[in-house]
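**Q** Mind having a look at this structure? Questions to follow.
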Amino acid sequence: MSLGFRLYSYFNGNLVHQDSLGNKYYHDKKNSSKRWVVYAQGFGPESLPTQFHNWLHNTSDEILNLDIDTNNQESMVKRRIQKHSVKHKETIDKGYNSWNPK
């Protein structure tokens with residue numbers, strides 16, 4: 001996360017919540033429907049629990065505080081990353097012949 005974005009969050013945002021992984025959730029001081037998250041070190045969008053995702057996208061105005069311990073939440077994030085990771089082909093064969101102009 002850039003220093004500029006952290007400064008913007010500090011001066012223009014109200015800290016609403018911090019989850020067990022260290023992600024910080026903000027809303028704008030002037031417009032409460034403008035919301036964002038500052039991810040914890042080493043985490044990204046895949047670390048967002050459903051209730052926080054819904055709050056960020058203005059689907060819900062409440063953050064349901066489901067106390068999930070950090071180890072359980074980290075294991076859920078790791079499983080989510082493994083589930084959605086792309087498996088690359090081991091072979092060079094692409095299954096087609098590309099067009100080579102002459």
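The values are calculated or read from the model by the stated rules, or taken from the named source; none is laboratory data. Bear in mind the structure is a predicted one, so any value in this text is a computation, not a measurement. Glycine gets a Cβ as well: all are built from the backbone with ideal geometry, and neighbour counts include every protein chain shown.
**Q** Within region 43-50, does at least one residue satisfy the condition of being among the acidic types (Asp, Glu), part of a loop (DSSP other than H, G, I, E, B) and closer than 29 Å to Lys78 by Cβ?
**A** The answer is no, given that none of the residues of region 43-50 is among the acidic types (Asp, Glu), part of a loop (DSSP other than H, G, I, E, B) and closer than 29 Å to Lys78 by Cβ.
**Q** Among what's in region 6-42 and is surrounded by fewer than 16 Cβ atoms within 10 Å (Cβ to Cβ) and of a type in the set (A, V, I, L, M, F, W, C), pick the residue that is nearest to Val77 (Cα to Cα).
**A** Only one residue fits best here, namely Trp36.
**Q** Give the residue that is modelled with the highest pLDDT, with candidates limited to residues of region 53-102 that are in contact with a helix residue (DSSP H, G or I) (Cβ under 7 Å, 6 or more places away or on another chain) and among the aliphatic types (A, V, I, L, M).
**A** The residue in question is Val77.
Here is a yes/no grid of residues against (1) in contact with a helix residue (DSSP H, G or I) (Cβ under 9 Å, 6 or more places away or on another chain); (2) among the acidic types (Asp, Glu); (3) not in a strand (DSSP E or B):
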site: Tyr8; (1), (2), (3): no, no, yes
site: Phe11; (1), (2), (3): no, no, yes
site: Asn14; (1), (2), (3): no, no, no
site: His17; (1), (2), (3): yes, no, no
site: Tyr25; (1), (2), (3): yes, no, no
site: Asn31; (1), (2), (3): no, no, yes
site: Trp36; (1), (2), (3): yes, no, no
site: Ala40; (1), (2), (3): yes, no, yes
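**Q** Pairs only if they're at least six apart or on different chains, beta carbon under 6 angstrom, first in region 2-29 and touching a residue at least 40 places away in the same chain (Cβ under 8 Å), second assigned to a strand (DSSP E or B) and not basic (Lys, Arg); list them, first residue then second.
**A** As it stands, the answer is Val16/Tyr25; Val16/His27; His17/Tyr25, since those pairs meet every condition given.
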